[in-house]
Amino acid sequence: MELLKTLVDKGLRAESPTRDEARAVLETSDDELLEVVAAAGKVRRRWFGRRVKLNYLVNLKSGLCPEDCSYCSQRLGSKAEILKYTWLKTDEAADAAEAGLKGGAKRVCLVASGRGPTDRDIDRVSRTISAIKEQHEGVEVCACLGLLTEGQADRLREAGADAYNHNLNTSEATYGDICTTHDFSDRQETVRQAQGAGLSACSGLIAGMGESDEDLVDVVFALRELDPDSVPVNFLIPFEGTPLSGQWNLTPQRALRILAMVRFVHPDVEVRLAAGREVHLRSLQPLALHLANSVFLGDYLTSEGQAGQSDLDMIADAGFEVEGADTTTLPAHRRQLDGQSGQLESDGSEGPDAGADRAHPEGPEDLEDLKDLERPVHSERPGIRAEELVAVRRRGAGTALPPNA
């Protein structure tokens, strides 16, 4: 396909495609899917080799959020039967992070429900960051606390935070359809505040909420304008008890095309395979590793993921390797934050694994090897009940049970 040749050529130069080219990726057929994955895999390997960065979520405060985001099980009025608890103590949060780090995670993501943190909340999270960093020198810590007010990003940076996450989620044109308590520009402003404080920005999207191809292209290019270092791609987990509980709009093939489009638009950025991968990609998760260079290990905020060991086995079986703590994630030309701690600084190398393709010319990313995989079955909705796919988290943070890591 001439389209894919153009996209690969641009991606290898860290150039973004046009909007029309991005939309065309979403419009490719199932018969062309493996060609799309193989093409995007070339771009992924150019900048990130065969490495997979592991990230671990710690839900510091769960449920009872005053915002009305339709996709969220923690939203105002949610009837989802999730865990609900107030702030974890510092030692509890540090212990939860410890489990993920022992499992191989390189970054800990500290998340709390709510519109945004109070100054007291910033103090609390700062103590948690300090406790984690004291026990694990060089670990990356990302905070995700909602909308920030002036000065809060600076305080998190001073406390040792490396990054801040705040997703755009969907296009500006449709944002009002999923949330009325804040708007798209509020989210953009929080990302900019984080960047202004010297934090590495992490901002992504949620696919599967009924959006159009145009909406997906809009949000991915809006993210391109913000220029985050990490772009998590979430797939809607349709919790019972939320307004979007009946939304089953994704197939494994559709999810892969979305990931490929994100990789082409963000060729040299950390693309993270995030929540919902088990629900929507299912047995095709290994193919997604040819597109994304980062995943969440174990469970999510309010839902269970596949077993942490299964994640590690999947990565190894697909021919990839877990990114070590002493390896820099981003290509050298993107590591611009002087003073950013640990792995986010430049070490002067060409790139994390710039020679990966040369070292493995016959890798499984080649099209002929991909074609050996079983062709996926196209279906508009999974053939099993939703409750069998969506498992509410009942272990780890906020419980007496050991975490999944």
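The values are calculated or read from the model by the stated rules, or taken from the named source; none is laboratory data. Computed from a predicted model, the values in this text were never measured in an experiment. No Cβ is skipped: glycine too gets one built from the backbone with ideal geometry, and neighbour counts run over all protein chains shown. Please note that ligands, DNA and RNA were not included when accessible areas were found on the heavy atoms of the full protein model with its side chains. Shrake-Rupley method; radii C 1.70, N 1.55, O 1.52, S 1.80 Å.
Once Lys and Arg get +1 and Asp and Glu get -1 on their Cβ, which of ALA96, TYR71, THR86 lies farthest toward the positive end of the dipole of the range 51-101?
TYR71
What net charge do the residues around PHE235 carry, taking every other residue with its C-beta under 13 Å from that of PHE235, with Lys and Arg at +1 and Asp and Glu at -1?
+3
Based on DSSP H runs of at least 4 residues, each adding -39500 (n - 2.57), what is the mean residue ellipticity at 222 nm of the chain after dividing by all its residues, to the nearest 500 deg cm²/dmol?
Estimated from H runs of four or more residues: -10500 deg cm²/dmol.
Hey, can you find the accessible area per residue of the chain for me, probe 1.4 Å, expressed in square angstrom?
Here the per-residue accessible area is 39 Å².
Quick one: Cα centre-to-centre distance for the range 97-129 and the range 294-324, in angstrom?
Between the Cα centre of the range 97-129 and that of the range 294-324, the gap is 20 Å.
Specify the inter-centroid distance of the range 159-224 and the range 54-84, based on alpha-carbon positions, in whole Å.
What the calculation gives is 17 Å, centre to centre.
Could you tell me the relative contact order of the range 101-180? Use alpha-carbon pairs under 8 Å, at least six residues apart, and round to a whole percent.
Once divided by the residue count of the range 101-180, the mean separation gives 35 percent.
Mind sorting out which of (1) 1.15; (2) 0.93; (3) 1.85 is the real Rg/Rh (Cα atoms, Kirkwood Rh) computed from the coordinates?
(2)
Provide, for the chain, the number of lysine pairs with alpha carbons under 19 Å apart, each pair being eight or more places apart or on different chains.
For the chain, the number of qualifying lysine pairs is 14.
Given a 1.4 angstrom probe, I'd like the percentage of the accessible area of the range 90-185 that is carbon and sulfur, rounded to a whole number.
43 percent
Give, as ranges by residue number, the residues of the range 163-193 whose backbone N falls under 13 Å from the point 7 Å along Cα→Cβ of ARG115.
180-183
Among the DSSP beta bridges whose two residues both lie in the chain, what percent are antiparallel, rounded to the nearest 5?
Here the share of antiparallel DSSP bridges comes out near 5 percent.
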